[in-house]
Amino acid sequence: MKKFSIPDIRLMWSDDPRFIDQFKRNGFSTIFTPYSKFPKTWRDISYWKCDSFNENTFNDVIRSHGEDLIENVFLQDVFEHPTTGKISLCYRITYRSMDRNITDIEVNFIQNKICQVLENDYNLQIRS
């Protein structure tokens, strides 16, 4: 346990994928990285794709307004409108705090702030 910096022996019997996956990747050279014991929540943001806006900018906006509560961002779905040919991207944002439960009010506030920045600063059309 000392070799891996595992703080509690009970974790050795954990079936939590966040624990197991750390040791599957690197085996015996792994140092344990603590993870949150609090529940996660997620929200989706969908917008019509624009040639002048890229995924890196999208991720930068999310990270800069996430207040250290964003755990993961990934592309959930790509939709092409059958008549217009416009493409919509849907990203799933996972929120979780390391030290407390987060409320829907907090998450909704951050999510709305991100949408406002995307609409006002980058002229993206957010889908409802």
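Readers should treat all values here as calculations from the given coordinates under stated rules, not as data from a laboratory. These numbers were taken from a predicted model, which means no experiment stands behind them. We place every Cβ from the backbone using ideal geometry, glycine too, and count neighbours over all the protein chains shown.
Counting only the Cα atoms, the chain fills a convex hull of 143 Å³ per residue. When the chain is treated as a Gaussian network with alpha carbon springs shorter than 10 Å, the biggest mean-square fluctuation among Cys90, Cys115, Cys50 belongs to Cys50. Cross-link reach is defined here as a Cα-Cα straight distance under 13 Å, omitting same-chain residues fewer than 8 places apart; for Lys24 the aspartates and glutamates meeting it are Asp15, Asp16. Annotation: amide H of Gln76 within the under-5 Å range of Cys90, Tyr91, Arg92, sequence separation 5 or more or interchain, hydrogens built in the peptide plane.
In a reduced charge model with +1 at each Lys and Arg Cβ and -1 at each Asp and Glu Cβ, the chain shows a dipole moment near 540 debye about its Cα centre. The sum of -39500 (n - 2.57) across all DSSP H runs of n ≥ 4, divided by the residue count of the chain, sets its helix-only mean residue ellipticity at 222 nm to -10000 deg cm²/dmol.
Scalar couplings 3J(HN,Hα) for the stretch 103-111, obtained by applying the Karplus form with A = 6.51, B = -1.76, C = 1.60 to θ = phi - 60°, are 9, 4, 4, 4, 5, 5, 4, 5, 4 Hz; x denotes Gly and Pro.
At a Förster radius of 22 Å, what calculated FRET efficiency corresponds to the Cβ-Cβ distance of Asp51 and Arg92, to the nearest 0.05?
0.40
Applied to the stretch 73-83, the Karplus parametrisation 6.51 cos²θ - 1.76 cosθ + 1.60 on θ = phi - 60° returns per-residue 3J(HN,Hα) values of 9, 8, 6, 8, 7, 10, 10, 10, 5, x, 9 Hz, with x for Gly and Pro.
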